[in-house]
Structure formats: C-alpha cells, structure tokens
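Working notes, structure below.
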Amino acid sequence: MPKIVDHDSQKEKIAEAAWRVIQNDGMEHATVRKIAQESGLPSSSLRHYFNSQAQLLEFALKMVMDRVEKRFLNIDVAVDSLSLEEAKNILLNLLPFDYERELEMEVWLSFSVKSLSDPSLKKLSHDIYGLMYQAVLTILEYLNAAHRLKANLNVEFEAQRLHSLIDGLSIHRLIYPDKISPEQIDYILTKHLKELAE
C-alpha cells in the first residue's frame, strides 16, 4: 500500500526548514539544497512541492503572515470593554518573546531587507507590514470604542506611531536581547498606552 503524504504538512515542514536556514545562515544561503538538507528531504522532493526557490521562499514568508494572523484571530476579547492591560497583552504577541515569534521576526526582517533589491518580494513584504499595522489599528479602535483613549485622538496616526514603536522594540530585542528585556518592553508598552489614555 503506497504511503499517503500530507502535502500541506510537507510544505509547512519545508517552509519551517527555510526559516531555520535563514535564521542560522542568512537569506543569501537559503538555497534549495540547504533547505532540503535542513528538512531531511532530498532536493528532488522539494521540487515536487515548489517550482523554484523563489516560490518556496514566497510560501515561507506567507506562512509567517498566516501564523501572525491566526494568533490574532484566536484572541477572544470583548471589544466594548477592552482594558489597556488586555490591549498590551495582545500587542505583546507581535514581539519576539519566544522561539517561534523570534524565528518569524527574523524571517520577516530578512525578507524585508531582501525586498529592497528584489521586486518580486516587495508586495509580500508590504502585505505583512499592512497586516501588522491593521492589527495595531484594530486594537486602538477597540480601546477607543471602549472609551479608554483620550477624546478626539487621531487613532490612525497613533496606530502608525505604536506600530513604529513595536517594530523598533522587536528589532532591538532581536539584535540586542541582553540590552532590552521582556520586562522593559512590557513597561514601555504600558507607559505608551497610558499616555494615549490620559
């Protein structure tokens, strides 16, 4: 009896192997051969799932986007009574505090840098940026609907500002993990949200 292979599961396994190669060796070394080696599959198997290296890397980036989106969709909050503390805890999901989110952030940063010189990755990079901004905007809109923010606050502008803050904190956490702790990030986000409320 032939072995039944779950194609979606295999593609995810290959994409996760691509993430690890990017994290350990950099984007420029994310070759089909190296990714195949990391995934424990022969190179010919990868070609069965992806027509090219570009298609494989595009899928790997889309998987980052899907996982971030799923994390937010699985958060159960009462929109009309969202507190600042709950909002902060949701936003912390965007920061690299565990291995999975750290890996996702490193992959996204690597792709973002590569997208500056590779037009084929530009749209995907912009899509992830838009997804992150929309997540931050949604949280601020929930807070606004719950009357937790200052009156007449420009929510879209504040979402851009908060998104920039989260991006900066993420980069600092990835590059200088010994310089900025999760507790410091928690404090900075708490302080920022309180300033929007007072």
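The values are calculated or read from the model by the stated rules, or taken from the named source; none is laboratory data. Values in this document were obtained by computation on a predicted structure and should not be read as measured data. FYI the Cβ positions are ideal-geometry reconstructions off the backbone, even for glycines, and counts take in every protein chain you see. Remember, those area values only see protein heavy atoms, side chains included, never the ligands or the DNA or RNA. Shrake-Rupley method; radii C 1.70, N 1.55, O 1.52, S 1.80 Å.
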Would segment 31-53 turn up any residue that is surrounded by 12 or more Cβ atoms within 10 Å (Cβ to Cβ), at pLDDT below 85 and basic (Lys, Arg)? yes
Checking Leu92 against (1) more than 24 Å from Glu28 (Cβ to Cβ); (2) open to solvent by 40 Å² or more (accessible area, probe 1.4 Å), which single condition isn't satisfied? (2)
Would you check if there is a residue in segment 129-145 being among the charged types (D, E, K, R) and over 30 Å from Ala18 (Cβ atoms)? yes
Within 16 Å of the chain's Cα centre (by Cα) and at pLDDT below 85: does that describe Ser125? yes
Looking at segment 154-198, which of its residues are hydroxyl-bearing (Ser, Thr, Tyr), open to solvent by 90 Å² or more (accessible area, probe 1.4 Å) and in a helix (DSSP H, G or I)? Tyr187
For segment 100-124, the count of residues that are free of Cβ contacts under 8 Å to residues at least 40 places away in the same chain and either open to solvent by less than 30 Å² (accessible area, probe 1.4 Å) or closer than 15 Å to Ser164 by Cβ (or both) equals 2
Restricting attention to segment 63-91, which residues are at pLDDT 85 or above and touching a helix residue (DSSP H, G or I) at 6+ places or on another chain (Cβ under 7 Å)? Met63, Leu82, Leu84, Ala87, Lys88, Ile90, Leu91
May I ask you to list pairs of residues, at least six apart or on different chains, whose Cβ atoms are under 8 Å apart, with the first in segment 81-97 being more than 13 Å from Ala145 (Cβ to Cβ) and of a type in the set (A, V, I, L, M, F, W, C) and the second being outside any helix (DSSP H, G or I) and open to solvent by 40 Å² or more (accessible area, probe 1.4 Å)? Leu84/Arg148; Ile90/Ile75; Ile90/Val77
